[in-house]
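Comments concern the structure below.
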Amino acid sequence: MTFKKRILVVGTLLLTAALVALLAPRPATAFPALHYWHLAASGETSQKQNRAGAEGLYGSGGPHDYGIRCADCHIETEGLIDLTIDVSPPFAQAGNDMAYTPGQTYVFTVTLEGEHKQPPNPNGQDRNGFVATFEDDGGNVMGNLISDTPNNSSMNCPANAPGTTPSGTTFVYGDCHGILGNETVELDQWIFSWQAPGAGSGDVTMWYGAVDGDTGGESSLNDDVVQGSILLIEGS
């Protein structure tokens, strides 16, 4: 896909989402999880809810997601949260860079720090979110993703979203270009594995984003967001 076509696709998606929000009888709600990640931006026509889909864009900020970030929809953030990312085995240190070993599988434990958003009423749901992708500079998916939900990985990528909430903290589906956090109420830690690509693959960037939500997916306003990226050079 050419650069001009990529820009056109992004512009069309954003315009569609904006029109849905403007024409709907009430504000469009945020998508909390599962099949909404690959639902059309125009939302569901079979159900009476103003909920736009992500159209396969995870908001990681990486080139595969056209640079779109969680913060582009979850606006009015305070920037008070952070993520602790623990990796086992740890990446090798190569000067000022971290290096992956080709073919090695790494287990990631990602913890939301500084969570402070809570539901405005006692019956509300505190749902957070997390996404991560591993890409080269051209937005090509690098390596394999393995969620902590049994038999759920990019190697046997399921085309459809889970019918029920996954048993693990993460899952993949659709095109499996990124790991998705299971937004179970009160969940603030996500676990998954990344199998590094083979020798000769070159540099890989991990793009990630997390949302400290407070309305159970009913609004993308007044959440808090953290975004980032980690460069991983190829080691030996």
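Give the shape of the stretch 150-211 as rounded, prolate or oblate, defined through the alpha-carbon gyration tensor: a ≥ b ≥ c are the square roots of its eigenvalues, a/c under 1.5 means rounded, and otherwise the shape is prolate if a/b is larger than b/c and oblate if not. Since a/c reaches 1.5 but b/c is at least a/b, the shape of the stretch 150-211 is classed as oblate.
With a Förster radius of 22 Å applied to the C-beta separation of Glu113 and Ala92, the computed FRET efficiency comes to 0.30. Per-residue 3J(HN,Hα) values for the stretch 138-144, derived from phi via the Karplus relation 6.51 cos²θ - 1.76 cosθ + 1.60 with θ = phi - 60°, read x, x, 6, 5, 10, x, 10 Hz in sequence order (x marks Gly and Pro).
No lab work stands behind these numbers, since they all come straight from the coordinates. Keep in mind that this is a model prediction, so the values were computed, not measured. Positions of Cβ are backbone-derived with ideal geometry, glycine not excepted, and every protein chain shown enters the neighbour counts.
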